[in-house]
Amino acid sequence: MQVVFEDNHLIAVNKPAGILVHADETGDRTLEDMVKDYIKIRYGKPGDVYLATLHRIDRPTSGVVIFGRTSKAAERMTKLFQTHAIQKSYLAITMQRPEPLAGKLTHYLIKNPETNTVRAFNKIKNGAKEAILNYEFVGQVDRAHVLLKVDIVTGRSHQIRAQLAKIGCIIEGDLKYGAEHPNADRSISLHCRSMSFIHPVQKTPVIIKAQVPQNPIWREFEPLIEQEGL
């Protein structure tokens, strides 16, 4: 776990793939647990540490996760997330180029709780939630690996994974959405690269960026990511 932003009100970390953000039925140690331990040790805090989980990213996904350190900041940040006032940018490695190379996707998602997957539809369905994202082709390092930049407008569960799969751009390693093979570390090649917003207390612009995972798949793209200023 790498801390990428920290002040008296917020703390943001670069979540490794494979770590849960918040507790579930598995009982596995969570990112929330790790951040609480970090704060307790760094600041010598006795007893329980206040920490508000403001949002989540999927377990096999890596990247920026922000927590609230005060109730005031947490309440205000929650409103920013709810009103889509936080710009969230992802990088995804897919197995195919999109057509066209850049565009806006609008789908309607229905969740299957038995498989913990969502299905994307082109038309409105009863009980479906609207999902909107913008994508653009960044580059390609070989015939099999394509890098896309994805900016999400809505914040739906599995949104990027389902929407890209719907247009034939399956994220590498994402077995749930059609990948043929898993990644060696069981991750999927989806990384929350950055979040930007107006600080809820200080009212200043904040840009938080997380380094891509240091595995062979992502290292191939690092020069391109730096060159493009992503």
Inset, instruction - Just order 15-24, 221-230, 94-103, 184-193 by mean Cβ neighbour count inside 10 Å, highest at the front, would you? - result: 184-193, 15-24, 94-103, 221-230
Inset, instruction - Please sort by residue number the trypsin sites (Lys or Arg not before Pro) in region 195-230 whose DSSP state is loop and whose Cβ has at most 13 other Cβ atoms within 10 Å. - result: LYS203
Inset, instruction - Provide ASP28, ASP48 in ascending order of the number of other Cβ atoms located within 10 Å of each residue's Cβ, fewest first. - result: ASP48, ASP28
Inset, instruction - Report the GluC sites (Glu not before Pro) located in region 107-162 that are in a DSSP loop and have at most 12 other Cβ atoms inside 10 Å of their Cβ, or state none. - result: GLU114
Legend entry - Inter-label distance, nm, simple model (7 Å from Cα along the C-beta direction), TYR43/ARG186: 3.3
Legend entry - Relative contact order [Cα under 8 Å, 6+ residues apart], region 2-227, whole percent: 21
Legend entry - Extension gain, ARG219 back to GLU25 (0.36 nm per residue minus Cα-Cα distance, nm): 66.5 nm
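If I stretch the segment between GLU228 and GLN87 completely, what's the gain in nm (0.36 nm per residue apart, minus their alpha carbon distance), one decimal?
Length gained, GLU228 through GLN87: 48.9 nm.
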Inset, instruction - Calculate the translational D of region 2-227 in whole µm² s⁻¹ from Stokes-Einstein, where the hydrodynamic radius comes from the Kirkwood formula applied to all Cα pairs, the temperature is 4 °C and the viscosity 1.567 mPa s. - result: 71
Legend entry - Taking the C-alpha atoms of region 6-56, convex hull volume expressed per residue in Å³: 94
Legend entry - Over 31 Å between alpha carbons, listed pairs LYS40/LYS129; LYS72/LYS176; LYS72/LYS129; LYS45/LYS111: LYS40/LYS129; LYS72/LYS176; LYS45/LYS111
Legend entry - Contour minus Cα-Cα distance for ASN8 and ASN134 (0.36 nm per residue): 42.1 nm
Legend entry - In region 43-124, chymotrypsin sites (Phe, Trp or Tyr not before Pro) in a DSSP loop with at most 16 other beta-carbon atoms within 10 Å: TYR43, TYR50
Legend entry - Separation in nanometres of the label points that stand 7 Å from Cα toward Cβ, at GLN96 and ALA144: 1.7
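Hey, what's the per residue convex hull volume over the C-alpha atoms of region 3-110, in cubic angstrom?
Values: hull volume 16.8 nm³, N = 108.
With only Cα atoms used, region 3-110 gives 155 Å³ per residue.
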Legend entry - Computed over region 122-221, the ratio Rg/Rh where both radii use C-alpha atoms and Rh is Kirkwood: 1.01
Legend entry - Relative contact order (%) - region 167-207, alpha-carbon pairs under 8 angstrom, separation at least six: 25
Inset, instruction - Could you work out how far apart the two model spin labels at THR154 and THR70 are, taking each label as a point 7 Å from the Cα in the direction of the beta carbon, and quote it in nm? - result: 3.4
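Each reported figure results from applying straightforward, stated rules to the coordinates on display, with no laboratory input. Note that the structure is predicted; figures quoted are calculated from it, not measured. In this analysis, Cβ positions are derived from the backbone assuming ideal geometry, glycine residues included, and neighbour counts consider all displayed protein chains.
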